[in-house]
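The values are calculated or read from the model by the stated rules, or taken from the named source; none is laboratory data. Remember, predicted model here, so these are calculated numbers, not experimental data. Note that we place each Cβ from the backbone using ideal geometry, even for glycine, and neighbour counts take in every protein chain shown. These area figures cover heavy atoms from the full protein model, side chains too; ligands, DNA and RNA do not enter into them. Shrake-Rupley method; radii C 1.70, N 1.55, O 1.52, S 1.80 Å.
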Amino acid sequence: MTFAARKYATRALALAAVASLAACAGKPKTAPVVTTPPPAAQPAQPTQPQARGPVPGSLEDFRVSVGERVFFDTDQYALTPGARATLDKQAAWLRTYQSVRIRIEGNADERGTREYNLALGARRAAAVKDYLVSLGVSTTRIETVSYGKERPLDPRTTEEAWALNRNARTALVSGLSS
Amino acid sequence: MRFLTILFAACAALVAAVSPARAAIEIDITRGHLNPMPVAAPDFIAAPGADPRVGQQISALVRANLERSGLFRALDQAAYIEKVVDINVQPRFADWRIINAQALIVGQTTQLPDGRVRIEFRLWDVTAEQEVFGLQYATTPENWRRIAHKISDAIYERLTGEKGYFDTRVVFVAESGPKTRRVKRLAIMDQDGANPSYLTSGDYMVLTPRFSPTAQQITYMSYESGSPRVFLFNIETGRQEVLGQFPGMTFAPRFSPDGSAVLLTLEQGGNSDIYRMDLRSRQRTRLTDNPGIDTSPSGSPDGTRIVFNSDRGGSPQLYVMNADGSDQKRISFGDGRYSTPVWSPRGDLIAFTKQTGGRFQIGVMRPDGTGERILSESYLDEGPTWSPNGRVVMFFREPRPGAGPSLFSVDLTGQNLRPVPTPTQASDPAWSPLLP
């Protein structure tokens, strides 16, 4: 992960939490707003949560303690070391909470054409899926979708925004205990 | 759908066509036109008993169409000297020459006993002092726009030697809401922006519609079922259906030039390849098999070849293959990234989106990759679609960062860039063939 990407990934956690809430507005899911996510570099302990942290196995636990998005370099779908670190935690969490099913959503920045970016988003989602499967998450629990450049996390037209918008989000679609 | 039903039920009956001498006035539209042909088109006369507004609206729309083409300049009615009172009497050519009119269009509307209106017009060559041709239509009064477009097409064709494109429609994606939660609806309108209507509700996102070249049918990509799928939409019946049972995301659909098949992209395990889906047999054929992204296929009008977008060489570029997928060759070698190729209905050119230097351009090149020309450029110019005569390209533009998208058209010459009015922000235009 480049320096810039690491920086934005940290900010992305907060943004992602807000955006996810918005995206889920139509569904009967509720989750408290996350105000102060830990830095991305800090190793989380999803299976041994802090006593006062989110409820283990909850959506909030996944978002805060694990991280639901990984980020990509321009035009790339290869996983960066930072992305792998997040996905390692996702895989451990998903091995603990076996009933949870996920949808991996691939996204691209706006500096490409619509159809090509749909294909690029699909590649990113597939890269994340393949990695999670290699870490023991059953392929039957995973679906993938590409939103191309249609669902930006950050609406601005800056390098920073584009870095945030090149991502794959792991959405928990069913099987949460609460 | 109601307005469409009316439109087709009331389709104009061509009553008579007279074509005397070959026009001496002609326009060569292969060149750019800095001096468009001056045309006089007084408001059509209303015969006793006819509603004068119908004729006024028709002639105003004919003037607007010709003017928008960039090939003609409609002279101000206030400058006209002769007041035409009978279209069957030869005009006083000297009066029209004084105001520099080269062509004169006169017309008349007559109320018919069955409720319809007869609309007739004559085109005069002012310089040669002779009639070029004239036509008559009988239609319902509310169908005046179609008739005005048909008259415009007839005049355009007679004066340029090329088919017109005024009696056509455009399907597009109407956009609203914030960028992070954009609502995208399928919408359709006349090519000049009139009669807009929505085809989908906005509950789910739709992208990249394309018109059938042969039927009142659209193919597009929708998230209606959650997973992205290519759909078919019958405009006349309103019926929508998923196209085929594919084991992955399907996107980037285009009808084959004969309308019998849809070319599309299927993504499986992250890899995108191009398939052909026959619309009758529903058989699918794989056309590319490459670890790179292969997408955005567009067939040549003769059906023999397909241009597509692939990043197999490291960046998105244009490739051409035979219709069966054989002989895949790269054709774009300029400095930049090329995508969304669309083969001209004339067969002679391929339009594309090009990214270079942080900007997006619309350009054209010959099918062998030579003769590249850039027609437009901005922060984002994307998604070209051809007028059915292959002379005008429509696309969508975000003129500067953060500005929403809207539609534009530009001549093949790169001149005559014009906004296309839409009720909301708009993207992904697709031009219909000439209406039947």
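The Cα atoms of region B:163-252 cover 42, 33, 21 Å along the three principal axes, with the biggest extent listed first. Using the Cα coordinates of the protein assembly as shown, the gyration tensor eigenvalues translate into equivalent-ellipsoid semi-axes of 54, 24, 21 Å, sorted from longest to shortest. Over chain B, dividing the summed -39,500 (n - 2.57) contributions of all DSSP H runs of at least 4 residues by the number of residues returns a 222 nm mean residue ellipticity of -3500 deg cm²/dmol. Each of B:I98 and B:R400 was given a label point 7 Å from its Cα along the Cα-to-Cβ line. The distance between the two points is 4.8 nm.
Rounded to the nearest 100, the interface formed by chains A and B buries 2800 square angstrom of accessible surface, both chains summed, with a 1.4 Å probe. Where both bridge residues fall in the protein assembly as shown, DSSP classifies roughly 90% of the beta bridges as antiparallel.
Each peptide in B:45-58, B:82-95 gets a packing score, the mean of other Cβ atoms within 10 Å over its residues, and the list from highest to lowest is B:45-58, B:82-95. What would the Debye formula give as log10 I(q)/I(0) at q = 0.13, 0.15, 0.19, 0.21 Å⁻¹ for the alpha-carbon point model of region B:225-343, no solvent? Cα-only, vacuum Debye calculation for region B:225-343: -0.49, -0.64, -1.00, -1.19. Shielding value for A:119-132 is 5, the average number of Cβ atoms from other chains within 10 Å of each residue's Cβ. Along region B:38-51 the Karplus relation, 6.51 cos²θ - 1.76 cosθ + 1.60 evaluated at θ = phi - 60°, assigns HN-Hα couplings of x, 10, 9, 9, x, 3, 4, 6, 9, 5, x, x, 8, 6 Hz to successive residues, with x for each Gly and Pro. A Cβ-based charge dipole, computed about the Cα centre of chain B with Lys and Arg at +1 and Asp and Glu at -1, lands at about 660 debye.
Highest mean packing first, where packing is the average number of other Cβ atoms within 10 Å per residue, the peptides A:134-146, B:311-323 line up as B:311-323, A:134-146. Calculated on the alpha-carbon coordinates, the convex hull of region B:67-169 measures out at 116 cubic angstrom per residue. Sequence gap at least 6, Cα distance under 8 Å: using those rules, report the relative contact order of chain B to the nearest whole percent. Relative CO of chain B lands at 11 percent.
Average partner chain C-beta neighbours within 10 Å, per residue of B:288-296?
On the way: counts 0, 0, 0, 0, 2, 9, 1, 8, 6.
For this peptide, the per-residue mean of nearby foreign Cβ atoms is 3.
For the peptides A:93-100, B:74-81, the ranking by mean Cβ contacts within 10 Å, running from highest to lowest, is A:93-100, B:74-81.
Partner shielding of B:176-182 amounts to 5, given as the average count of beta-carbon atoms from other chains within 10 Å of each residue beta-carbon.
Please work out the FRET efficiency for the pair A:S174 and B:R346, using the Cβ-Cβ distance as r and a Förster radius of 41 Å; give the result to the nearest 0.05. Could the numbers behind the result be given before it?
Details: r = 52 Å, r/R0 = 1.27.
The formula returns an efficiency of 0.20 here.
If you look at the Cα atoms of chain B, you get an Rg and a Dmax of 23.1, 73 Å.
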